[in-house]
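The values are calculated or read from the model by the stated rules, or taken from the named source; none is laboratory data. The model shown is predicted, which means the values in this text are computed figures rather than measured ones. Counting neighbours? That spans all protein chains shown, and the Cβs are built from the backbone with ideal geometry, glycine included. The accessibility values were calculated without ligands, DNA or RNA, using every heavy atom of the protein model including side chains. Shrake-Rupley method; radii C 1.70, N 1.55, O 1.52, S 1.80 Å.
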Amino acid sequence: MNEKRPMFLFYTSITLAICSSALYHFVAKSTPANVNFPVSLMVTYAAALVVTWIIALLFPADKGFAAELKNLNWASFLLAIAIVGIEFGFLLTYRAGWNLGIAAVLTNVVASLILVPVAIYVFKDKLSWVNIAGILVCFAGLVMLNWKR
């Protein structure tokens with residue numbers, strides 16, 4: 001862990017991500033089956049825009065909103081495509097009858113396994129033997145998740 005980052009931020013950020021992810025899957029599974037996907041997503045993103053505006057008031061841009069817009073790159077636009085893909089994919093997944101726990105775990109583990117080579121080659125992350133053992137456990141978990149009873 002980087003010593004420059006406060007411990008509070010280290011644990012609070014991951015706790016927020018975990019709680020939000022769990023809430024996300026619960027709510028996605030609870031979305032009515034008879035609602036139109038694009039309508040559901042438009043309402044979701046309209047509400048997200050309001051929440052984001054509130055957060056922006058709590059964390060104002062030092063140099064102003066317009067200056068911050070100039071700092072953006074392609075990642076914001078691809079992130080938007082990825083987010084819509086995740087939302088749409090899970091709405092379809094749960095509508096198709098996937099189990100809440102299995103679908104969430106399966107997608108997160110497979111996505112994580114796909115990201116391992118990206119992390120190593122693009123971001124120069126290092127893996128320890130413990131990390132490699134964890135990856136093998138993930139593979140074993142995928143087998144167990146898909147085991148025919």
Checklist outcome for this item: Checked against (1) under 30 Å from A140 (Cα atoms); (2) open to solvent by less than 70 Å² (accessible area, probe 1.4 Å); (3) β-branched (V, I, T), V35 satisfies every condition except (1)
Checklist entry - Is it fair to say L79 is closer than 26 Å to A28 by Cβ, touching a residue at least 40 places away in the same chain (Cβ under 8 Å) and not aromatic (F, W, Y)? => result no
Checklist entry - helices (runs of 4 or more DSSP H) wholly in the stretch 20-112 with at least 2 residues that are at pLDDT 95 or above and hydrophobic (A, V, I, L, M, F, W, C) - which ones? => result 37-58, 74-95
Item to check | Filter result (assigned to a helix (DSSP H, G or I) and among the aromatic types (F, W, Y)) within the stretch 127-148 | outcome: W129, F139
Checklist entry - If you go through the stretch 94-115 one residue at a time, do you hit one that is hydroxyl-bearing (S, T, Y) and touching a residue at least 40 places away in the same chain (Cβ under 8 Å)? => result yes
Checklist entry - Looking only at the stretch 103-118, which residues are within 16 Å of the chain's Cα centre (by Cα) and exposed (fewer than 15 other Cβ atoms within 10 Å of the Cβ)? => result N108, V110, A111, S112, L113, I114, L115
